[in-house]
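Everything on this sheet refers to the single structure shown next.
The values are calculated or read from the model by the stated rules, or taken from the named source; none is laboratory data. From a predicted model like this one, the values you see are computed outputs, not experimental measurements. Here Cβ is always computed from backbone atoms with ideal geometry, including for glycine, and neighbour counts include all displayed protein chains.
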Amino acid sequence: MQEDTVAIKGIKDGLLITLSSTAEWPTITGDLAARIDEQGAFFQGATVTVEFGERPVSKHELSSLKALLDRRGMTLSVVLSDSATTLNAADALDVRTSTAAYTPGRTPNETLAKTPDAINPEEEGTEGVLIRRTVRNGRTVHSQGHVVILGDVNPGAEVVAGGDVIVWGKLRGNVHAGANGDETAVVCALDMTPTQLRIASYITTSPPGKRRRAKPEMAVVRDHQIIVEAWKE
Amino acid sequence: MGQTSQPVPGGRPNPVRRISGGRVITVTSGKGGVGKTTTTANLGIALARLDKKVVLIDTDIGLRNLDVVMGLENRIVYDLVDVVEGRCKLRQAMIKHKQFPELYLIPAAQTRDKTAVSPADMVQICNALRPEFDYILIDSPAGIERGFRNAIAPADEVLIVTNPEVSAVRDADRIIGLIEAENKGPGKLILNRLKNDMVRRGEMLSPADVTDILAISIIGIVPEDETVVPASNNGIPVTLNESSKAGVAFRNIARRLNGENIPLMQVETSGNLFQRIARIFSGG
C-alpha cells in the first residue's frame, strides 16, 4: 500500500512528491519519512514540490510536513493543491502555491517534451480566487491574484486584489483592483454601483442619484483617471 | 477521522444538535431598537395561542427587557445566569405566563454582563429544553459580540428583524454574513415597522428594496402600528389585541413558522391611475 500513498519523482526544478488525497494523514507522513529514509542521503538538498490533490491540509499539518522535510535536508518550495484550506495554510507558512491543474514544473517534461515546438494550445492564464457567494457587510476578500465573485458585493464589504476583480452580480461595496500598483487592472460587474472603486492608486466613487437600469460595465484606468464603460469584448 | 464512524445525514456540521424535540429559533438583528424583543414576545404568545409549548429565553444579560414586555418582571426569582452558575435548577428559572400555562420565560440577569454565559452553556440549556417544548425562542441582544454568539450558538433557525431603513438593513446584512459563517443558514427576514403610505410615496424602502440587498426570504412584514408601544409598556403584547394590524402580522408569522402557507401582506405600491402614469414617466 506504500506505493499508493506517496509517489516521488524528479522534475525540472527538483522533486515532485504526490501524496494520496484519501489515506489517513499519519499514514502518509509515516510512509513519506520511510521512503525518504530508504534512500539515505540521496534526496538531501533537494527542492520539493508537494502535490496534495483535494485533501484539506491544516497549517499545523503542513508545518509538520515542512519540518519533516527540513530535518532531511530538503526544502518545501511549492504546494500544489485544489483545496482552499491547504492553499491558505501554505500562504500562512510563506510557501509558494499553485493549483494542481497548473503544475509549472511538470508540464515541460511530460507533455511538451513529446511535442517539440508545437504551438501550445493551452492559455497561460493567471491565478485567481473564486468566491461563490455574496460578500456581505463586514466581510473582506483579499488576494494577490484576481478575484471572481459569483454573487453580490454588498455595501460595507471589501474586495482587494492584486489583479482584476470580476463581480457576477451587483457591486455595491468597496473594491480595489491592481492593489500592488497595476494600472492595467480592471473591475467588471453586472451592476456597477460601488461605494468606492480603486484601481492601483486611483480612486473614484459612484455618481449620486438612482440608476435607470443595471447593465454590465467595466472600470479601467485611462489618461490617469478611472473611467467606467459598457462591458464588451 | 475514524473510518468506522457513520456519515452524518445531510452533512450537518454538528450532529449533536437536532436531538428530537423542539426547534430553537433565535431572533436577532445587529442594530438595536428595531424590535427584536417585541417580536420575540409576540411570536411567543402567537405560538402559545396555537397550543404550542413555548419557552422564551432572554440572552440580553445586563439589559433585560423581555420580562417587562411580557409583563412578568415582578415574578423573577432566578435568571439565566443563576442556571448557568448552578444556583438553581432550570425549572426554577422558568416563569409561567399569566394567561398561557404552556408559555414560559427564562429571564436574563440584570446585574451581570454577557460574559457570564458561554455559547456552550446556551447549547446545553436548549438541549435540556428541547424534549419538553415545541419552540424555544431566543431573544438576542444588539451587536455582534459575545451576546450575539451566545444567542446564535444553539439555533436551528434564525429570524433577522430589520426596519425599512438603510442603517438597519446594513446591520442585518452584516448579521446574515455572520450567521452564514456559523453554518446557521441565511435565516429569514422580518421586516418590522413598515409604513405603507411612505413606501408608496417612495420615501421608505419597500420589501423589494430590502430583499434586493439582503437576498434572503421574508417570513413576515409587520406594519407600523401605534398600539405596539402601549401594549409593550403594559406588558400585554400586541398579539393579544385582536384588532391590531401588527398583531395580525405576528400571528401570521407564527403560523408560517408552524408550516402554514399564508401569503405576505401586500404593500400597495401602485397608487391610483394618475400616480401610476406619473411614475412611469418619471422612470420610477
Query raised in the report: In this structure, does B:A168 turn out to be at pLDDT 95 or above, out of contact with any Cys (no Cβ under 8 Å at 6 or more places or on another chain) and of a type in the set (G, A, S)?
Result: yes
Query raised in the report: B:L159 is checked against (1) surrounded by 15 or more Cβ atoms within 10 Å (Cβ to Cβ); (2) modelled with pLDDT under 95; (3) under 18 Å from B:T28 (Cα atoms) and fails just one. What number does that condition carry?
Result: (2)
Report summary line: Expected output for the stretch B:171-189 (first residue free of Cβ contacts under 8 Å to residues at least 12 places away in the same chain, partner not in a strand (DSSP E or B), Cβ below 7 Å, 6+ apart or cross-chain) is B:G177/A:R136; B:G177/A:N137; B:G177/A:G138; B:G177/A:R139; B:E180/B:P186
Report task. Give the stretch B:232-244 a look and list any residue that's surrounded by 17 or more Cβ atoms within 10 Å (Cβ to Cβ) and free of Cβ contacts under 8 Å to residues at least 24 places away in the same chain, or say none. Result -> B:N241, B:S244
Report task. Among the residues of the stretch A:135-158, write down those that are surrounded by 18 or more Cβ atoms within 10 Å (Cβ to Cβ) and either assigned to a loop (DSSP other than H, G, I, E, B) or within 7 Å of chain B (Cβ to nearest Cβ) (or both). Result -> A:R136, A:N137, A:G138, A:R139, A:D152, A:N154, A:P155, A:G156, A:A157
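Conditions (1) within 14 Å of chain A (Cβ to nearest Cβ); (2) out of contact with any Cys (no Cβ under 6 Å at 6 or more places or on another chain); (3) part of a loop (DSSP other than H, G, I, E, B), marked per residue:
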{"position": "B:L129", "(1), (2), (3)": "no, yes, no"}
{"position": "B:L137", "(1), (2), (3)": "no, yes, no"}
{"position": "B:A142", "(1), (2), (3)": "no, yes, yes"}
{"position": "B:A155", "(1), (2), (3)": "no, yes, yes"}
{"position": "B:I160", "(1), (2), (3)": "yes, yes, no"}
{"position": "B:P164", "(1), (2), (3)": "no, yes, yes"}
Report summary line: The number of residues in the stretch A:31-61 that are surrounded by 16 or more Cβ atoms within 10 Å (Cβ to Cβ) and either among the aliphatic types (A, V, I, L, M) or assigned to a helix (DSSP H, G or I) (or both) is 10
Query raised in the report: Can you pull out the residues in the stretch B:63-102 that are closer than 23 Å to B:S118 by Cβ, in contact with a helix residue (DSSP H, G or I) (Cβ under 7 Å, 6 or more places away or on another chain), outside any helix (DSSP H, G or I) and not aliphatic (A, V, I, L, M)?
Result: B:N65, B:Y78, B:D79, B:C88
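Among A:L76, A:L68, A:L62, which is touching a residue at least 12 places away in the same chain (Cβ under 8 Å) and over 25 Å from A:G145 (Cα atoms)? Can you show your working first?
Numbers: A:L76 fails: over 25 Å from A:G145 (Cα atoms); A:L62 fails: over 25 Å from A:G145 (Cα atoms).
None of the other options fit; the residue is A:L68.
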